[in-house]
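Below is one structure, written out as structure tokens; comments come after it.
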Amino acid sequence: MHQTRDVFAKVFGRSWQELKMNLVYDVCHNIAKFEEHTVGGKRKRVWVHRKGATRAFPPNHPEIPSAYRKIGQPVIIPGDMGRASWVLVGQQGSMDQTFWHDVHGAGRAMSRTAAVKEAAGRRIDKELEARGVIARAQSHRGWRGAAEGVQECR
């Protein structure tokens, strides 16, 4: 975020404060934490690894910041290029199923290698633009790598 703010400040000649580039929400993903959970009917301290995902604590959980405690922990589920992202909140029932773990995101329709191969010769930028998505990449390789998102939207 710091580097993004710096770039915007340089490009627009104004500070990030003037540009109102305030942090809205910050949460870790790809973490492993020692947490207390019910396993087999007993409370235990266990390692929980959230690869590419975040915690999704329910309303009134003691580890949720006070600003969100009444509604539950906000969870951002990223879409891909051309599909919406979602903001959800954790629910009590998810403990039994997932240790209050959210979903990873949009998922993948094919491997990265297959997506790059499939995108050869395509104009991914034009395909996205036709859907109202304006995106920029520094190279054609960047667009070929982005094809996996376009594939998922078909």
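The values are calculated or read from the model by the stated rules, or taken from the named source; none is laboratory data. All values reported here derive from a predicted model rather than from experimental measurement. Every residue, glycine as well, gets a Cβ built from its backbone with ideal geometry; the counts of neighbours run over all protein chains shown. Note: areas computed on protein heavy atoms with side chains; ligands, DNA, RNA excluded. Shrake-Rupley method; radii C 1.70, N 1.55, O 1.52, S 1.80 Å.
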(request) May I ask you to verify whether Thr4 is among the hydroxyl-bearing types (Ser, Thr, Tyr), under 18 Å from the mean Cα position of the chain (by Cα) and surrounded by 13 or more Cβ atoms within 10 Å (Cβ to Cβ)? (result) no
(request) Only residues in segment 57-77 that are over 19 Å from Phe99 (Cβ atoms) count as the first member; pair them with residues that are of a type in the set (S, T, N, Q), Cβ under 8 angstrom, at least 6 apart or cross-chain, and list the lot. (result) Arg69/Asn60; Lys70/Asn60
(message) Condition first: touching a His at 6+ places or on another chain (Cβ under 6 Å) and surrounded by fewer than 17 Cβ atoms within 10 Å (Cβ to Cβ). Now tell me which residues in segment 34-58 satisfy that.
(response) Val46, Gly52
(request) Go through segment 7-31 and give me each residue that's more than 27 Å from Pro65 (Cβ to Cβ), open to solvent by 90 Å² or more (accessible area, probe 1.4 Å) and among the β-branched types (Val, Ile, Thr). (result) Val11
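Matching residues to (1) open to solvent by 100 Å² or more (accessible area, probe 1.4 Å); (2) modelled with pLDDT under 75:
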residue: Pro65; (1), (2): no, no
residue: Pro74; (1), (2): no, no
residue: Ile77; (1), (2): no, no
residue: Gly82; (1), (2): no, yes
residue: Gln92; (1), (2): yes, no
residue: Phe99; (1), (2): no, no
residue: Val103; (1), (2): no, yes
residue: Ala109; (1), (2): no, yes
residue: Arg112; (1), (2): yes, no
(message) If a residue must be open to solvent by less than 50 Å² (accessible area, probe 1.4 Å), out of contact with any Asp or Glu (no Cβ under 8 Å at 6 or more places or on another chain) and either more than 23 Å from Ala84 (Cβ to Cβ) or part of a loop (DSSP other than H, G, I, E, B) (or both), how many such residues does segment 123-139 contain?
(response) 1
